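The values are calculated or read from the model by the stated rules, or taken from the named source; none is laboratory data. These figures come from a predicted structure and were not determined experimentally. As a convention, Cβ positions derive from the backbone with ideal geometry for all residues, glycine included, and neighbour counts pool all protein chains shown. For the accessible areas, the whole protein counts, side chains as well, though only heavy atoms, and no ligand, DNA or RNA atoms are used. Shrake-Rupley method; radii C 1.70, N 1.55, O 1.52, S 1.80 Å.
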Amino acid sequence: MNIAIIGASGTIGQRIVQEALRRGHGVRAVMRNPERLDVEHEQLKKVKADVMDPASLEAALSGTEAVISAYGPQFGREEEMVAAARTIIEGTKRSGITRLLIVGGAGSLIADSGIPLMDTPEFPEEVRPLARAHADAYELYKDSGMDWTYVSPAAIIEPGKRTGNFRIGMDRLVTDETGSSRISVEDYAAALIDELDDPQFVQSRFTVGY
């Protein structure tokens, strides 16, 4: 499959690029600064585009079969998450693509206490604006009318190893026997590309954790 990955130079975006290439997909890496992606592959094409400009995205995405958004705003500019969601939806639609997978946030997942994780007392205050921006963007994707899938990570996602062993949940946070909620970026990427290859959650959200 030929796919486009928006935000391909970020920590999560790069792992998704590598996972997709590993499985034989053709990848169009869509970035504002293509030189930031230090990956070379015969199936990889780097394309410059502005995530805030639907026309720029339309040109960059056209001709692919599915779009993965790994876009994330800079710290302190969390409000750009919602604006970007609007342009990603518009640019993807204008390019004639209906399949859209989104790297989402964990904050709107329901914790064991029965409330959203971002509303729990232990949730880091400095991360709360980003979590709320992710939650607002999630609502836009839900109303987009596209074949979207929103992929929420565990509460803690960080670089590690690709094990291929993880658990899938829906709207509740996935935790292990100690109550910890973690996933490596590599296994998160594997779960997302699993969904690309074999769709199970079209027009819905799922989450992944150990």
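Could you check how many percent of all C-alpha pairs in region 30-127 are farther apart than 24 Å?
Pairs farther apart than 24 Å: 35 percent.
Spread over its residues, the convex hull of the C-alpha atoms of region 71-185 is 122 Å³ per residue. Once C-alpha pairs closer than 8 Å and six or more residues apart are averaged by separation and normalised to the residue number of region 153-210, the relative contact order reads 51 percent. Note on F75 and D112: their simple-model spin labels are 2.9 nm apart, each label 7 Å out from Cα toward Cβ. If you count Lys pairs in the chain whose Cα atoms are under 24 Å apart, skipping same-chain pairs closer than 8 places in sequence, the total is 4. Tally up the carbon and sulfur contribution to the accessible surface of region 153-192 as a whole percent, 1.4 Å probe, everything protein left in place. Carbon with sulfur: 50 percent of the solvent-accessible area. Using just its DSSP H runs of length 4 or more, each adding -39500 (n - 2.57), the chain gives a mean residue ellipticity at 222 nm of -9500 deg cm²/dmol after division by all residues. Qualifying chymotrypsin sites (Phe, Trp or Tyr not before Pro) in region 68-163, where qualification requires a DSSP coil assignment and no more than 12 other C-beta atoms within 10 Å, comprise F75. Overall, the ratio between the Cα radius of gyration of region 150-210 and 2.2 N^0.38 Å, rounded to two decimals, is 1.03.
Across the chain, Cα pairs under 8 Å and at least six residues apart give a relative contact order of 19 percent. Coupling constants for region 23-40 follow from the phi torsions by the Karplus curve (6.51 cos²θ - 1.76 cosθ + 1.60, θ = phi - 60°), and in residue order they are 9, x, 6, x, 10, 9, 8, 9, 8, 6, 10, x, 5, 7, 8, 8, 9, 10 Hz; glycine and proline get x.
The longest stretch of the chain left intact once loop-based GluC sites (Glu not before Pro) with at most 16 other Cβ atoms within 10 Å are removed from consideration, loops following DSSP, is 123-176. P(r) tail for the chain: Cα pairs beyond 22 Å make up 45% of the total. Accessible area per residue for the chain is 46 Å², calculated with a 1.4 Å probe on protein heavy atoms, without ligands, DNA or RNA.
Given a 1.4 Å probe and the protein chains as shown, K48 ends up with an accessible area of around 140 Å². Computed from Cα atoms, the angle from the helix 185-197 axis to the main principal axis of the chain rounds to 60 degrees.
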